[in-house]
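One structure below.
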Amino acid sequence: MTQKFFTTNDDFKAIITRNLPKVNNIHQIETGWTNFVFKVNSDGKIFYFRFPRNDFFSDALVKEVKVTEFVKDKISLETPNLNLLFDAGRPYTMHEEIPGESLTNCYADLTIEEKLTLADDICLLLKQFENISIAGKKNLQLVSNFLDNLAGVSQNNYDLKKHDAIKRCEKEKMVFSHGDFNQGNLILRNHKLVAVIDFSFAGISSGLVDVSRIAGRCPAEFKPILLAAYSKILRSVEQSDFDEIEQAWNYVDSQYILYIKQNHPEIKLSSIA
């Protein structure tokens, strides 16, 4: 079987310069869990290149390109213009930077009023996700199924029963789901939400899956603000249901972090690790 992924032995600079002959600077983002990520300055513009680390994430990358194009005209926020490219049959992507900074990097600078507005904007985006028609979209699988398959990558006696809370809520209202709705994937400009990125985990699920994901990754003080906005804009939710799904996400993270520590020591893990 042909290898579909990249390794530390690949000449990433040579691949990048084939696409951008005039390169001023190449900087590797060393916190990329699923891909080798490079930030490239070329003729005054910033580009990102992502090269998958294994076959599973190669398939997820190809899916992400299709899903990002699918949602582009269905939500009010910006999404990346992903170019799907290949090197010896291995997929990788290139896209120009969306100006702004991630919520991870700017949360501490937000005022309470800006946090309240942000919570509303996040829930309005989730409402837009719910309004996307998912009928006949065969490339959109259940998020819980994707996580079950991801467990095969992370290994380490993974307990699939930890996904049960997500599977239970998926038996209720099914909607389009980002699948990895964390603060690193939300882009702000002037403290205003303007873009959403990284749809590689996207699928169909309950709206609770996305809102629980971001609440679990943001500072604890933001959780009640976000829950209040969700109840106002979408529907009321039991705190216990919310917490149970958040715990499932925490388990997913902990198991993949363990896999990274054992198999990819070159990756610099973020503060959640």
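Note down the Stokes-Einstein diffusion coefficient of segment 91-236 in µm²/s, whole number, using a Kirkwood radius over alpha carbon pairs, 37 °C, and 0.692 mPa s. Estimated diffusion coefficient is 202 µm²/s.
Once C-alpha pairs closer than 8 Å and six or more residues apart are averaged by separation and normalised to the residue number of the chain, the relative contact order reads 19 percent. Convex hull volume of the Cα atoms of the chain, normalised per residue: 134 Å³. Hydrodynamic radius of segment 152-231 by the Kirkwood approach over all distinct alpha-carbon pairs: 14.2 Å.
For the chain, the membrane-span-like helix rule (DSSP H, alpha carbon extent of at least 30 Å along the helix axis, mean Kyte-Doolittle at least -1.0) picks out 239-263; this says nothing about an actual membrane. Straight-line cross-link reach from Lys4 at under 23 Å between alpha-carbon atoms covers these lysines, not counting any fewer than eight positions away in the same chain: Lys13, Lys39, Lys63, Lys66, Lys138, Lys261.
If Lys and Arg each add +1 and Asp and Glu each add -1, what is the summed charge of the other residues whose beta carbon sits under 15 Å from the beta carbon of Glu114?
Here the charged neighbours net out to -3.
Remark: the Leu84-Asp11 segment gains 24.4 nm on full extension, using 0.36 nm per residue and subtracting the alpha carbon distance. Between Ile132 and Arg18, the modelled label-to-label distance comes to 3.1 nm, taking each label 7 Å out from Cα in the direction of the beta carbon.
Rounded to the nearest 0.05, what FRET efficiency do Thr117 and Lys74 have when you use their Cβ-Cβ distance and R0 = 25 Å?
About 0.65, to the nearest 0.05.
Each Lys or Arg adds one and each Asp or Glu takes one away; over the other residues whose Cβ falls under 11 Å from the Cβ of Asn139, this sums to +2.
Net charge dipole, segment 130-229: roughly 120 debye, given to the nearest 20, about the Cα centre with Cβ charges of +1 for Lys and Arg and -1 for Asp and Glu.
The label-point distance for Arg168 and Asn263, in a model that sets each label 7 Å from Cα toward Cβ, rounds to 3.0 nm.
Quick note: the coordinates plus some simple rules give every number you see, no bench work behind them. A quick note: this is a predicted structure, and the numbers were derived from the prediction, not measured. With ideal geometry, Cβ positions are generated from the backbone for all residues, glycine too; neighbour counts draw on all protein chains shown.
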